[in-house]
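Here the structure is laid out as structure tokens; the discussion comes afterwards.
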Amino acid sequence: MLAQVVATALVAAGFAFVGGRAALGAAMGGLAVMLGAVMLAWRTFSGAVSGADGALMRLLGGVALKWAVLAVMLYLALAVMALDPLAVVCGVLAALVANLVAMAFKN
């Protein structure tokens with residue numbers, strides 16, 4: 001999560017030279033990914049495990065919640081707030097790539 005925060009902040013700082021709304025767009029894109037990951041973890045790991053089928057249902061529900069949160073946040077950023085689409089997509093990609101790199105170097 002820390003890698004996602006740092007990557008999103010760096011991209012938002014880069015887009016700050018373009019304008020405030022572009023920086024906000026990059027931050028919203030990264031925040032959408034991070035909030036989705038938090039919701040996935042909360043749904044998957046909260047509560048007691050009641051067997052393999054219960055764990056699988058929690059995981060699937062968490063993934064569905066993650067994608068729903070991501071879709072709503074992107075809708076808010078692009079359609080409602082009318083932020084810069086390139087900045088939003090760059091924020092999303094920065095957070096996703098940072099997550100992959102952090103997982104690759106975890107060990």
(request) Give a quick list of trypsin sites (Lys or Arg not before Pro) in the range 12-107 that DSSP marks as loop, anything other than H, G, I, E or B, with at most 13 other Cβ atoms within 10 Å. (result) 106
(message) Taking only Cα atoms of the chain, what ratio of Rg to Rh do you get with Rh as the Kirkwood inverse-distance radius?
(response) 1.07
(message) If each DSSP helix of 4+ residues adds -39,500 (n - 2.57) and the sum is divided by the residues in the chain, what number results at 222 nm, nearest 500 deg cm²/dmol?
(response) -27500 deg cm²/dmol
(message) Between residue 52 and residue 17, what is 0.36 nm times their sequence separation minus the Cα-Cα distance? Round to one decimal in nm.
(response) 7.6 nm
(request) Show me 28-37, 95-104 ranked by packing, highest mean number of other Cβ atoms within 10 Å first. (result) 28-37, 95-104
(request) Compute the label zone of residue 10 within the range 72-98: residues whose backbone N is under 20 Å from the point 7 Å along Cα-to-Cβ. (result) 86-98
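Summing Lys, Arg as +1 and Asp, Glu as -1, what charge do residues with Cβ under 13 Å from the Cβ of residue 66 carry, residue 66 excluded? Walk me through the numbers on the way to the answer.
Values: positive: 43, 58; negative: none.
Neighbour charge sum, excluding residue 66 itself: +2.
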(request) Measure nothing fancy, just the Cα-based angle from helix 85-104's long axis to the longest principal axis of the chain, in degrees from 0 to 90, nearest 10. (result) 50 degrees
(message) To test your reading of the geometry: what angle, between 0 and 90 degrees and rounded to tens, separates the Cα axis of helix 20-45 from the longest principal axis of the chain?
(response) 0 degrees
(request) Measure nothing fancy, just the Cα-based angle from helix 2-16's long axis to the longest principal axis of the chain, in degrees from 0 to 90, nearest 10. (result) 20 degrees
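When only C-alpha pairs under 8 Å and at least 6 residues apart count, what is the relative contact order of the chain, in percent? Provide the component values of the computation, followed by the final result.
On the way: 139 pairs, mean separation 45.3, N = 107.
Contact order relative to length: 42 percent.
Any read-out appearing in this document is the output of simple, stated calculations on the displayed coordinates, not a laboratory observation. Just so you know, these numbers come straight off a predicted model, no measurement behind them. Because the Cβ atoms are built from the backbone with ideal geometry, glycine has one as well, and the counts that use them run over all protein chains shown.
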